Amino acid sequence: MALFMVVLVLLFILALSICTALLRWNELKFSKKGLPPGTMGWPIFGETTEFLKQGPNFMKNQRARYGSFFKSHILGCPTAVSMDPELNRYILMNEAKGLVPGYPQSMLDILGKCNIAAVHGSTHKQMRGALLALISPTMIKQQLLPKIDEFMRNFVSDWDNKIIDIQEKTKQMAFLSSLKQIATVESTSIAQEFMPEFFKLVLGTLSLPIDLPGTNYRRGLKARKIILTILKQLIEKRRGNQESHKDMLAYLMSKDDNNRYKLSDDEIIDQIITILYSGYETVSTTSMMAVKYLHDHPSILEELRKEHMAIREKKRPEDPIEWNDLKPMKFTRAVIFETSRLATIVNGVLRKTTEEMELNGFVVPKGWRIYVYTREINYDPFIYPDPLAFNPWRWMDKSLESQSNFLIFGGGTRQCPGKELGIAEISTFLHYFITRYR
């Protein structure tokens, strides 16, 4: 028994020594002179576990130790983290100067090499142009909003006397609404197979790129293959018949002169996955958190309901929400912005260095990622007095939306192109939700 205990203690000391040596070796590996202060964690894994589990607390703790610009190793790559508002704005506005999109390898692998977040230069211009053409104000007014209205009206129609899991419902809502806009006629028939695979794909993009059985990354890659098959079959089926369609897929497949951006099938498929992916998290989480905040603040709910009842009173029960109805929804827009600010749906964006560069007096080597962490600016009391209060009225002053620190929807050349479409979707959901239910 005594021998067993001695062996156990020795094994523990050996394991501790190995762990210490690995941590020390990883720190030495990234100890080049001039690098920002910080820690790098374990080889390969870095500090990914702490980053994902602790979220904002991890960032706050590192800033308390190392300042607003520090190094780490997250999601498989050495990363410089910037929590400095001035530096963040500089990085977002100067992408061409040694910086390109720097999203994690898992995201690039699973979303596809043609997705708008992965490309830069002329290819980014082409893909962004194609995307903007799909979600322009004219397209929202004439084609997308009627589909959104019909979907939202039906989606919330049967919630009477039921307990609703609002998180699950808004996830389904965001996905199915986008799918209807992409492939209106076929959306119902493909949704059952498509939706569970899409949810696996989303989880896979936020994981370490380790291709082993049972990992979210492996599941995400498998889900992408299934989704590719579904979308390829859909494109082939459309080419095989002469039916006329008015949806996003029809526009992307169009070869006429009205479509300035001719894309290959692979580019069309990655564009569809991008549209589904980029709108999913923002629309679903903002809708869910808006319901939570409205529940917690009855006076704000009453003000919002008043705005929507005024719109409803001018219509017959069967009349849809139209483009001209969105403009008077000023308080609704304020609720959406305040929800996005307080809940901070997107914490930041990633860039990658194409050359060694100096930022804030520190060296950032070529190939490193820079995490532009914009969350903290949403709670700056100089910009937003009483920042932890849910106060939509602050957004009734239009100047707040146009000020330089407004980074809720990104910044620079990569400001979210789907901002107005997302606002239209959430506004329509809130309209039917609060005019139909207490």
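If you add up the charges near LEU111, with Lys and Arg at +1 and Asp and Glu at -1, over every other residue whose beta carbon is less than 10 angstrom from its beta carbon, what do you get? Please list the in-between numbers first.
Working: positive: LYS113, ARG224; negative: ASP109, ASP270.
Around LEU111, the surrounding residues sum to 0.
Net charge near ARG394, counting Lys/Arg +1 and Asp/Glu -1 over other residues with Cβ under 10 Å of its Cβ? Mind showing how you got there, number by number?
Values: positive: ARG341; negative: GLU338, ASP386, ASP397.
Combined, the nearby Lys, Arg, Asp and Glu give -2.
If you count only protein heavy atoms with a 1.4 Å probe, what accessible area per residue comes out for the range 31-436, rounded to a whole Å²?
On the way: 18900 Å² over 406 residues.
Roughly 47 Å² per residue, with all protein chains present.
Per DSSP helix of 4 or more residues, -39500 (n - 2.57); summed, then divided by the residues of the chain. What does that give at 222 nm, rounded to the nearest 500?
Working: 17 runs with 242 residues, N = 438.
The helix contribution divided over the chain gives -18000 deg cm²/dmol.
Per the Kirkwood formula on distinct C-alpha pairs, the Rh of the chain is how many angstrom? Provide the component values of the computation, followed by the final result.
Working: mean 1/r = 0.0418 Å⁻¹.
This gives a value of 23.9 Å.
I want to verify a result. In a Gaussian network model of the chain, Cα cutoff 10 Å, which of these has the top mean-square fluctuation: ASP165, ASP380, ASP211?
Between ASP165, ASP380, ASP211, it is ASP165 that shows the largest mean-square fluctuation.
Where the accessible area of the range 164-306 is counted over protein heavy atoms with a 1.4 Å probe, how much of it, in %, is carbon and sulfur? Please report the intermediate quantities before stating the final value.
Working: 3700 of 7050 Å².
Percent of accessible area from carbon and sulfur atoms in the range 164-306: 52.
Mind putting a number on the dipole of the chain about its Cα centre? Charges go on the C-beta only, +1 for Lys and Arg and -1 for Asp and Glu, and I need it in Debye to the nearest 20. Can you show the working numbers first?
Values: 57 positive and 47 negative charges, 121 e Å.
Roughly 580 debye for the chain.
Along the charge dipole of the chain, Cβ charges K/R +1 and D/E -1, which of ALA250, LEU221, ILE182 sits furthest on the positive end?
It is LEU221.
Determine which lysines satisfy two conditions relative to LYS33: a Cα distance under 17 Å, and not lying fewer than 8 residues away in the same chain.
LYS71, LYS366
Within the set of other residues whose C-beta is less than 15 Å from the C-beta of ILE311, count the net charge using Lys and Arg as +1 and Asp and Glu as -1.
Working: positive: ARG153, ARG305, LYS306, ARG312, LYS314, LYS315, ARG316, LYS327, LYS330, ARG333, ARG436; negative: ASP149, GLU303, GLU307, GLU313, GLU318, ASP319, GLU322, ASP325.
Net charge in that neighbourhood comes out at +3.
Give the lysines reachable from LYS327 as a straight Cα distance under 29 Å; neighbours fewer than 8 places away on the same chain don't count.
LYS141, LYS147, LYS169, LYS171, LYS180, LYS246, LYS292, LYS306, LYS314, LYS315, LYS398, LYS419
Tell me, what is the percent relative contact order of the range 31-436, built from C-alpha pairs under 8 Å that lie six or more residues apart? Working shown, then result.
On the way: 523 pairs, mean separation 98.7, N = 406.
Taking the mean separation of contacting Cα pairs over the length of the range 31-436, I get 24 percent.
In degrees between 0 and 90, to the nearest 10, how far off the longest principal axis of the chain does helix 216-240 point, with axes built from Cα atoms?
30
Measuring from centroid to centroid over Cα atoms, what is the spacing of the range 108-130 and the range 188-265 in Å?
15
The values are calculated or read from the model by the stated rules, or taken from the named source; none is laboratory data. Small disclaimer: the values here were computed from a predicted structure and weren't measured. Reconstructed Cβ throughout: ideal geometry from the backbone, glycine too, with neighbour counts over all protein chains shown. Please note that ligands, DNA and RNA were not included when accessible areas were found on the heavy atoms of the full protein model with its side chains. Shrake-Rupley method; radii C 1.70, N 1.55, O 1.52, S 1.80 Å.
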